[in-house]
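Written below as structure tokens is the structure these notes are about.
Each value in this text was obtained by applying a stated rule to the coordinates, not by laboratory testing. What you see is a predicted model, and the numbers here were worked out from it, not measured in a lab. Note that we place each Cβ from the backbone using ideal geometry, even for glycine, and neighbour counts take in every protein chain shown.
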Amino acid sequence: MPQVFLGSSIPTRDELGDGPRRPPRPPWLRNRLRTGPNYLDLKGLVRGLNLHTVCEEASCPNVYECWEAREATFLILGRLCTRRCGFCDISTGRPEPLDPDEPVRVAEAVERMGLRFAVVTGVERDDAPPQAVARIWAATIAAIRERVPECRVEVLTGDLKADPEAIAIVMGAEPDVFAHNLETPRRMHRTIRPGFRYDRSLDVLRQAKALKPRIPTKSNIIVGMGETFDEVVETLDAIDVDQGPRGGEAELHERNEALAASQGLGLVAVALEDRKRLVEGRWSVVLERRRVHRNASSRRRRQPGGRAGSSASTLLV
């Protein structure tokens, strides 16, 4: 008669017996704790300036590797988000009031880290008017430019409720790259991103491109959450169609390659026999394979369908 285990403890291998075991994880999926001098210095810097990073708040398993290379993505507007996406580990709650001094502290961190390309993202702040939120974004861009003029700035904003005035405020600060993530196909959007709207996110990208056509706009989708390949293509088509004309293929590749190199990403040529339109100069796709994060002590329950996957970043110009 098989033995039954009761209680909340996890049985040991001896208790489980000699049954089939899970195959070992591949080397690229495994991560090791690295707390070298750069990691410790960066951690002290973030704590000392009372800043937040998506690396920590989203429980990214690559944080040790990136911080040791002195790479981090700043998280502004506080650490608590007013929305809850199924794939994201950032805590949801009622945030503190907006901090007008935060942009200055981010700029100081950029200078002290010696960054030449700064990536700034932020939580959603539905508790504040979108124009007020946009002014924090614009102030952050301006503060970094003033403190480190040679540093390029990419912002990954929320949807700002697709408010035209708010989007104009951010684009008026002229970031080097404006990004807003679509994340997942239309069919899965309401389940995985209940606080967002698929068409509203497309509208944000459309408005940003119309305001500043020469500023690259960028969107990311996550694969591995239950979508089909055709849905991925349809999502890329939706982004592509809504953005309008592109530059020449050579210029597109050169600009994307430079951006990918500055962020340490690998530029991947996508060649699919039955999807040749993907590589006809309409898209340039940057793929970044991330380790799947399994955190048994996650700070909040994930929603159904919220399993981590690989991210595919599409840079549109």
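Tabulated data
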item	result
Part-to-part distance (alpha-carbon centres) for segment 213-231 and segment 33-52, which is given in Å	31 Å
Karplus-derived HN-Hα couplings along segment 187-202 (A = 6.51, B = -1.76, C = 1.60, θ = phi - 60°), whole Hz, x at Gly and Pro	4, 9, 5, 5, 7, 7, 10, x, x, 10, 10, 4, 5, 5, 5, 4
Exposure proxy order (Cβ contacts within 10 Å, fewest to most) of Ile222, Ile76, Ile215	Ile215, Ile222, Ile76
Under 5 Å, built H, 5+ apart or other chain: amide partners of Thr184	Ile222
Sorted by Cβ neighbour density within 10 Å, fewest at the top, the residues Val133, Val233	Val233, Val133
Karplus-derived 3J(HN,Hα), 6.51/-1.76/1.60, for each residue of segment 136-145, Hz, glycine and proline x	5, 4, 5, 5, 5, 4, 5, 5, 5, 4
5 angstrom amide H check on Phe117, placed H, neighbours 5+ away	Arg152
Amide H partners (placed H, <5 Å) of Thr73, local residues excluded	Val54, Cys55
Sorted by Cβ neighbour density within 10 Å, fewest at the top, the residues Arg152, Arg70	Arg70, Arg152
Cα-centre dipole for segment 26-159 with unit charges at Cβ (Lys and Arg positive, Asp and Glu negative), debye to 20	300 debye
